[in-house]
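Here the structure comes first, spelled out in C-alpha cells, and everything after it is commentary.
None of the figures in this text is laboratory data; all of them are computed from the coordinates on show. The model shown is predicted, which means the values in this text are computed figures rather than measured ones. Cβ placement follows ideal geometry from the backbone for every residue including glycine, while neighbour counts extend to all protein chains displayed.
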Number of protein chains: 2
Amino acid sequence: MTKPAAPIVRIAFDADDTLWRNEDIFAHAQDEFIRLLLPYQNEDFIRSHLAEMQIHNLAHFGYGIKGFTLSMIETAIELTEGRVTGSEIHQIIQLAKIMLASPVELLEHVESVLSQLKGNYQLMVITKGDLLDQESKLARSGIVDYFDDIEIVSDKKASTYQQILQRYQCSAENFLMVGNSLKSDILPVLDIGARALHISYHTTWAHEEVSDDILGQYPQLTQLDDMSQLIPWLSRVSLR
Amino acid sequence: MTKPAAPIVRIAFDADDTLWRNEDIFAHAQDEFIRLLLPYQNEDFIRSHLAEMQIHNLAHFGYGIKGFTLSMIETAIELTEGRVTGSEIHQIIQLAKIMLASPVELLEHVESVLSQLKGNYQLMVITKGDLLDQESKLARSGIVDYFDDIEIVSDKKASTYQQILQRYQCSAENFLMVGNSLKSDILPVLDIGARALHISYHTTWAHEEVSDDILGQYPQLTQLDDMSQLIPWLSRVSLR
C-alpha cells in the first residue's frame with residue numbers, strides 16, 4: 001500500500017518562459033548581434049563563440065540581460081580582433097535597452113490558472129536573473145497580485161530551494177514547483193524531496209539542457225503540455 | 001513627559017561602505033577609465049559625462065558593477081565619437097571583472113560590534129546592487145553568520161523598508177537601520193517612523209548626496225563617527 005501523498009500547500013512558479021515569454025527576446029537579440037558581426041565572421045562561428053563566452057562569464061556576471069550584453073560586447077571584440085567599431089558596440093548596448101523594455105507577454109492559460117489557484121494555495125514566484133529587470137517584468141506583467149511571495153535568486157540549486165522553504169516554513173512534501181527548465185526548476189526540487197512539474201517551452205537555452213542519462217535518474221519526472229493542465233493534475237493528486 | 005522609546009528588536013545594516021569598503025573600488029575603476037580616455041578628452045569632461053550617463057542609465061540598468069560597466073562603455077563611445085578601440089573597450093570589461101573580484105575589506109569595528117550584538121537583536125543586511133555580486137561579497141566577507149536575514153533589493157525607498165518590516169513582522173518603532181547613505185539608508189527609514197543611524201563614509205557617490213534643505217526637515221537625524229559608537233548608543237536608548 002502506498003502512503004497517500006501529502007497535500008500541496010505552496011506552489012511556486014518560475015517566471016521566464018513559464019509565466020511569460022523570455023527566451024525569444026534573447027534569441028532575437030542574438031540574431032541582431034549575429035547580423036551585426038556577419039561582415040567579420042560566419043554565423044556558426046559567432047553563435048558558438050557567444051554561447052561559450054556566456055557560460056564562461058556566468059561566474060562573473062550571473063544570469064540576466066546585463067551580463068548577456070557584456071558577453072556580447074566581449075565576443076564582438078574577440079571575434080573581430082578588436083576591429084569592431086564604437087558604433088557597432090553602441091548598437092549592442094541599444095539591444096540591451098530594447099531587451100529590458102520588451103513588453104511582458106504572458107503565456108497561454110497563465111492568468112486563468114492563477115485566478116483559479118488564488119486563495120486555495122500559497123502562490124509564489126521563484127526566478128533568477130537581474131533583480132531590477134525581474135522586478136520590472138513582474139510589475140508590468142499585471143499578475144503580481146496573484147502571488148503571496150516573490151523570490152529573485154542568483155541561481156536555482158537544491159540549497160536555494162531548501163533555504164526558501166525554510167524561510168516560509170514549508171516542508172518539502174507540501175511544496176510544488178512549476179517551470180520550464182529541467183536543470184533549474186525541476187531536478188533540484190525533486191532532489192530535496194518536493195514535487196515539480198515540467199512545462200517545456202518551445203526553445204531552451206543550451207545551458208539549461210539536461211542529458212538523457214541524468215533524466216533517467218528521475219522516474220518521478222512529470223511533464224505537462226501547458227499551464228492549463230495544472231488544475232486537473234492538482235485535482236488528481238488531491239484525490240489520491 | 002515624553003513617552004519612553006520602544007525597544008529596538010531588529011537592527012539592519014547597509015553593506016557597501018557600511019560593513020565593507022566599496023566606493024573606493026568604483027573610484028579606482030573610474031580613475032582607470034579616465035586614464036584610458038585621456039588621449040581623447042580632458043579629465044573633468046570625462047568625469048562629468050560618466051556621472052551623467054550613470055544616472056541616466058540607472059532606470060535601465062539599476063545599481064551595481066554591471067550597469068556601471070555598461071555606462072562606462074557607452075560613455076567611452078560617446079566621448080570618442082565612436083573612435084574608441086575594441087582593445088580599449090576590452091580593458092573596460094576587464095575593469096569590471098577586477099571590481100567583481102576585489103577582496104572584501106571590512107570596515108573598522110564591524111566584526112566586534114556584530115559579535116556583541118548577536119543574540120541580543122535580530123540582525124540583518126539590507127543592501128542594493130547586483131544580486132550575484134552582493135551575495136558573493138557576503139559569502140567572502142566572513143561575517144554572514146552574524147546575520148539572521150539578508151535582503152538584496154533593487155532600490156531603497158520608504159516602501160522598500162515597509163515591505164521588509166511587514167515580511168519580518170517587525171513594527172517600525174522596533175526597527176533600527178544603520179548605514180552610510182542619507183538618501184538610501186536614513187531618510188526613507190525615518191520617513192516610516194523607524195530609527196536610523198548615519199555613519200558617513202569618507203567618500204559618497206554624488207547620486208546619494210542630499211541637500212541641506214532636505215536634511216533640515218529631519219531634526220531627529222543621528223550621526224555616529226564610526227561603528228564602535230553603536231553599542232554605547234544602544235545602551236543609552238535602552239536606559240531612556
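Got at least one residue in region B:160-180 being among the hydrophobic types (A, V, I, L, M, F, W, C), within 14 Å of chain A (Cβ to nearest Cβ) and buried (at least 16 other Cβ atoms within 10 Å of the Cβ)? Yes, there is a match, as at least one residue in region B:160-180 is among the hydrophobic types (A, V, I, L, M, F, W, C), within 14 Å of chain A (Cβ to nearest Cβ) and buried (at least 16 other Cβ atoms within 10 Å of the Cβ). The conditions of being within 14 Å of chain A (Cβ to nearest Cβ) and surrounded by fewer than 22 Cβ atoms within 10 Å (Cβ to Cβ) are not met by residue B:208.
Determine whether residue B:62 is on the phi > 0 side of the Ramachandran plot and touching a strand residue (DSSP E or B) at 6+ places or on another chain (Cβ under 9 Å).
Here the answer is yes, as residue B:62 does meet what is asked.
Against the definition (more than 20 Å from the chain's Cα centre (by Cα), charged (D, E, K, R), more than 9 Å from chain B (Cβ to nearest Cβ) and closer than 17 Å to residue A:27 by Cβ), how does residue A:43 come out, yes or no? Walk me through how you get there before you give the answer.
Details: more than 20 Å from the chain's Cα centre (by Cα): yes; charged (D, E, K, R): yes; more than 9 Å from chain B (Cβ to nearest Cβ): yes; closer than 17 Å to residue A:27 by Cβ: yes.
It is true that residue A:43 is more than 20 Å from the chain's Cα centre (by Cα), charged (D, E, K, R), more than 9 Å from chain B (Cβ to nearest Cβ) and closer than 17 Å to residue A:27 by Cβ.
Within region A:140-156, does at least one residue satisfy the condition of being of a type in the set (A, V, I, L, M), under 15 Å from residue A:18 (Cβ atoms) and in a loop (DSSP other than H, G, I, E, B)? Yes.
Taken over region B:182-229, the residue count meeting the criterion of being acidic (Asp, Glu) and in a loop (DSSP other than H, G, I, E, B) is 3.
For residue A:160, the requirement of being within 17 Å of the chain's Cα centre (by Cα) and farther than 19 Å from residue A:19 by Cα is met. Is it the case that some residue within region A:48-56 is free of Cβ contacts under 8 Å to residues at least 40 places away in the same chain and either among the β-branched types (Val, Ile, Thr) or within 14 Å of another protein chain (Cβ to nearest Cβ) (or both)? Among the residues of region A:48-56, at least one is free of Cβ contacts under 8 Å to residues at least 40 places away in the same chain and either among the β-branched types (Val, Ile, Thr) or within 14 Å of another protein chain (Cβ to nearest Cβ) (or both), which makes the answer yes. Scanning region B:120-139 for residues that are part of a loop (DSSP other than H, G, I, E, B) and closer than 24 Å to residue A:61 by Cβ gives B:129, B:130. Taking region A:94-119 as the range and being among the charged types (D, E, K, R) and more than 8 Å from chain B (Cβ to nearest Cβ) as the test, the residues that pass are A:105, A:108, A:111, A:118.
Within the option set A:143, A:126, being over 18 Å from residue B:132 (Cβ atoms), surrounded by 14 or more Cβ atoms within 10 Å (Cβ to Cβ) and either of a type in the set (A, V, I, L, M) or within 14 Å of another protein chain (Cβ to nearest Cβ) (or both) holds for one residue only, A:143. Cβ-Cβ contacts under 9 Å between residues 6 or more apart (or on different chains), taken from a first residue in region A:138-152 that is more than 19 Å from residue A:112 (Cβ to Cβ) to a second residue that is assigned to a strand (DSSP E or B) and charged (D, E, K, R), are listed as A:149/A:10; A:152/A:128. Any residue at all in region B:201-217 that's without any contact (Cβ under 8 Å) to a residue 60 or more places away in the chain and on the phi > 0 side of the Ramachandran plot? No, region B:201-217 contains no residue that is without any contact (Cβ under 8 Å) to a residue 60 or more places away in the chain and on the phi > 0 side of the Ramachandran plot. Within region B:62-93, the set of residues being more than 7 Å from chain A (Cβ to nearest Cβ), of a type in the set (Gly, Ala, Ser) and without any contact (Cβ under 8 Å) to a residue 24 or more places away in the chain comprises just one member, B:71.
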